[in-house]
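What follows draws every value from the coordinates through simple rules; no lab data is involved. As the structure is a prediction and not an experimental result, all values here were calculated from the model. FYI the Cβ positions are ideal-geometry reconstructions off the backbone, even for glycines, and counts take in every protein chain you see.
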Amino acid sequence: MSASKQILLNAFNMNCVGHINHGLWTHPRDESTSYLSIEHWTGIARTLERGLFDGLFIADIVGVYDVYRGNVDVTLRESIQLPVNDPMLLVSAMAAVTQHLGFGVTVNLGYELPYLLARRFSTLDHLTRGRVGWNIVTGYLDSAARAMGLSEQLPHDERYDRADEYLEVLYKLWEGSWEDGAVRRDKATRIYADPARVHRVQHHGRYYQVDGYHLAEPSPQRTPVLFQAGSSGRGQRFAGRHAECVFISPPDKAAAKKSVDALRAQLVAAGRRPDDVKVFVGAAVVTDSNERLAREKYEDYKRHASREAGLAHFAASTGVDYSRYDLDAPIAYGQANAIQSAARTAEQRGWTRRQLLELFELGGRYPAIVGSAAQVADELQSWIAETGVDGFNLSRTVVPESYEDFVDLVVPELQQRGVYKTAYAPGTLRSKLFGEADRLPARHVGASFRRTGAGTAEAREAAASAAASVA
Ligand SMILES: Cc1cc2nc3c(=O)[nH]c(=O)nc-3n(C[C@H](O)[C@H](O)[C@H](O)COP(=O)(O)O)c2cc1C
């Protein structure tokens, strides 16, 4: 790592009460139960922008956690991502009170037609002036499948196969339907859009059929910044082809390094550069003006955290009902169809129910970094140096206190060390993250679906043959 490698920061949140660090909503200073108010979100957005955060990343699920004890009782009592509201609908309000903050929005593609999702993201990309990203998730909950009228989910790897085709449809819509220059907006000649430069998308695939025009005109980034979080072999292959940002939640630094190296190798295999992806690792930071106060705060938080809720959440991630096991009994994982990487990690480490409960002392699975601003900065820098990650996905603890502590204490420390920006770069989220153009780089698969030229037959032919060669 060069001494001045800039650390990227996302805040990790969800439109619900309990996200990762379960139980903390009961802390007297926590305001997570205000998630229904727009001011709650605009306040968070302002704080994050004050701290020059790159983005607010909003998770989502469209099912419930019903694996633990085979029901939703603990899930409801502890509010483990239930109730949960739509993440996308938060973004316009937060964009209106900020200038630079990016927004990574999770949408599960399994239950949405690509044609409609393409327009929703284009709309947000316009309204945010190019500050939107999409966290592509393929889902891991049978409860979601059942709620949508299916008996179960597609098998793990096939979910990614379908996602590959989904992305192809989206690239055709976002990149290929409207040429640059198609929109004239010319009152004098009465031409809003030039018909020769707007193309009908015809896609006939295994999972999707589309015959239509992208409904939205080209937005600043066209394709939103693509985030992804799968760490299985198939998940990494998918990321290597499509993802620009990847989230990982490894159990330690050694596992993180392995995961980052494997991911970057997948990018190279897909004809991209190893640093065409920014990797974010999940972390929970608890800090205060000195180490003693930070440790006291951590102990105070722990008294409100729920280890059992952490276990119920993890049960849904691995698909294993831990309530059926004695505290010290070995756990059988079998063929995982939920988050394969989470199940494999737990299996390899041989974690028992007791060990998992010990691990979830802050109610969740992310490693806690506790200490003064200098200690936190040391630890963040060591993650960057030893694992090759680019930044952090900071899970919330007590809200908004944890954001304010980080912004007021850790951000200035990182700035002083020259490893964190002191001002935002101009431009879209993509150009801020990569220092390049607003649009996907030419070496990304999505770029091959572009139409160039003035709608000529030659240009159309060239684009079609480029698209066919990558399909
Ligand atoms: C940091 C992180 C955040 C994730 N956020 C979500 C999410 O918000 N919604 C969701 O359905 N899945 C989420 N997932 C699950 C992934 O999208 C993916 O389904 C999972 O990692 C399974 O992929 P794998 O088996 O390839 O690892 C997340 C995973 C990680 C590691």
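A few comments on the model shown:
- Stretched out straight at 0.36 nm per residue, the stretch from Glu152 to Asp252 would grow longer than its current Cα-Cα span by 32.7 nm.
- Loop-located GluC sites (Glu not before Pro) in segment 14-106 whose Cβ has at most 16 other Cβ within 10 Å (DSSP): Glu31
- The calculated FRET efficiency for Ala385 paired with Ala329, based on their beta-carbon distance and R0 = 60 Å, is about 0.95.
- Beta bridges per DSSP with both ends in the chain, % antiparallel, nearest 5: 15 percent
- Quick note on the chain: its Rg to Rh ratio, both from C-alpha atoms and Rh being the Kirkwood radius, is 0.97.
- Gyration tensor (Cα) of segment 1-54, equivalent ellipsoid semi-axes in angstrom: 27, 15, 9
- Of the residues Gln228, Val286, Gly310, the one whose Cα sits farthest towards the positive end of the charge dipole of segment 214-347 is Gln228 (charges of +1 on Lys and Arg Cβ, -1 on Asp and Glu Cβ, taken about the Cα centre).
- Candidates per trypsin sites (Lys or Arg not before Pro) in segment 141-236, loop by DSSP, up to 12 other Cβ within 10 Å: Lys187, Arg190, Arg200, Arg206
- Between Ala196 and Leu215, full extension at 0.36 nm per residue minus the direct alpha carbon distance yields a gain of 5.2 nm.
- Cα centre as origin, Lys/Arg/Asp/Glu Cβ charges: the chain dipole, Debye: 1100 debye
- Counting only Cα atoms, segment 253-347 measures 49, 43, 18 Å along its principal axes, largest extent leading.
- For segment 1-144, Kirkwood radius (reciprocal of mean inverse C-alpha pair distance, Å): 16.5 Å
- Rounded, prolate or oblate (a/c below 1.5 giving rounded, otherwise prolate when a/b exceeds b/c) for segment 162-248 by Cα gyration tensor: oblate
- Furthest towards positive pole of dipole, Thr352, Tyr35, Val198, structure part the chain, Cβ charges: Val198
- Extension gain for the segment Arg344 to Lys5, taken as residue separation times 0.36 nm less the Cα-Cα distance, is 118.9 nm to one decimal.
- Every Cα-Cα pair in segment 85-156 was counted, and those over 14 Å apart are 63% of them.
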